[in-house]
Amino acid sequence: MSVEVISRNKSYIMGTRLPFVSASVLPAILGSVWCWVYGSEFHPINALLGIFGVCFLHLGANTLNDYFDWDESDRINRFPTPFSGGSRSRLENILTRKTFLYMSVILFVLAFAAGILLIILNRPLVLLIGTLGGLCGILYSIKPFSFQSRGIGELIIFLAFGPLITLGTGYINFGVFRPEYFLIGIPNGIVVANILWINEFPDYEADKNAGKRNLVVRMGTANARLVYLALEMLFYVFIVLLDYLKLYPVSALIILLSIPIAIKTSKLMWKNHDDPVAIIPAQAGTIKFQMITAVLTIISFIIDKFI
């Protein structure tokens, strides 16, 4: 769709990358459902505030990332895709770079407001976990830190979109921090890290020329293919491990039904690693994989409660 026919209201939605918020909202729901199923008590208001807080943090990080990349890698990216390359190519005739900064500030303030409400509900340490999550989003992009350019952005994304979210949801429901809250979020963190990983393939040229030294730039897409496969396999290892530790129910093994999707996407990635256009279906497949596996995990918890 050309930028001329995109309305201003729609441009704000596209600018925040709202359709991709499932990467953070689904693990927040997953953690909340886990608390509902396996906890002695459940606080739905706390859970909802936590989910909204995570959502706002994610959207704030998205818009801040576009603000800092706007005149750097996004400006020289010849191959933006619907899943990577930033928002500049689709929205620069409608929204200004400063608009993304303003949106980011508003979204982070909304996340902070959700945290304040949780403090009022006797969860004072929520700002600790919220600040940590917010810093992950801010320092990922902002200079001179720019974790995305230092080869640790992928690790930051793994933490921020997996175990930190479920650790936070466990705390806002039960009022304590426990290792199991952290552990249950690891599979989703691995998958979201793989979303970032494959999205760095079509951005390889632009990132390299802009001095963004992420791990895919350092390794090259041919070698980076192996890491993608390793993360896919590691995801299933942790599903089985969490089942063995009884942190996931036996019914969570329904997640193994997603293996054909993983194989199909991996084949597409392997074949088209250096083709920024042909790899788009593999990008879409990786996002689909995250959504399906998160939903299957949530369903397995619910099954375990009622069966």
Which condition number does residue 46 fail, the rest of (1) at pLDDT 75 or above; (2) under 15 Å from the mean Cα position of the chain (by Cα); (3) not aliphatic (A, V, I, L, M) being met? (2)
Hey, residue 247 modelled with pLDDT of 95 or more and not in a helix (DSSP H, G or I) or not: yes
Restricting attention to region 238-249, which residues are free of Cβ contacts under 8 Å to residues at least 24 places away in the same chain and loosely packed, with under 14 Cβ neighbours inside 10 Å? 244, 246
Can you confirm whether residue 182 is within 19 Å of residue 241 (Cα to Cα) and either surrounded by 24 or more Cβ atoms within 10 Å (Cβ to Cβ) or not basic (Lys, Arg) (or both)? yes
When both residues are 6+ apart or on different chains and their Cβ atoms are under 7 Å apart, which pairs have a first residue that lies in region 266-283 and is in contact (Cβ under 8 Å) with a residue 40 or more places away in the chain, and a second that is among the small types (Gly, Ala, Ser) and surrounded by 15 or more Cβ atoms within 10 Å (Cβ to Cβ)? 269/282; 283/84
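Residues checked against (1) at pLDDT 70 or above; (2) in contact with a strand residue (DSSP E or B) (Cβ under 6 Å, 6 or more places away or on another chain); (3) within 30 Å of residue 176 (Cβ to Cβ); (4) among the polar types (S, T, N, Q):
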{"residue": "58", "(1), (2), (3), (4)": "yes, no, yes, no"}
{"residue": "77", "(1), (2), (3), (4)": "no, no, no, yes"}
{"residue": "92", "(1), (2), (3), (4)": "no, no, no, no"}
{"residue": "100", "(1), (2), (3), (4)": "yes, no, no, no"}
{"residue": "113", "(1), (2), (3), (4)": "yes, no, yes, no"}
Residues in region 98-143 that are without any contact (Cβ under 8 Å) to a residue 40 or more places away in the chain and closer than 16 Å to residue 171 by Cβ: how many? 8
Search result, residues across region 279-307 that are surrounded by fewer than 19 Cβ atoms within 10 Å (Cβ to Cβ) and not in a helix (DSSP H, G or I): 307
Would you pick out the residues in region 269-278 that are surrounded by fewer than 18 Cβ atoms within 10 Å (Cβ to Cβ) and assigned to a helix (DSSP H, G or I)? 270, 271
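The values are calculated or read from the model by the stated rules, or taken from the named source; none is laboratory data. Since this is a predicted model, take the numbers as computed values, not measurements. We place every Cβ from the backbone using ideal geometry, glycine too, and count neighbours over all the protein chains shown.
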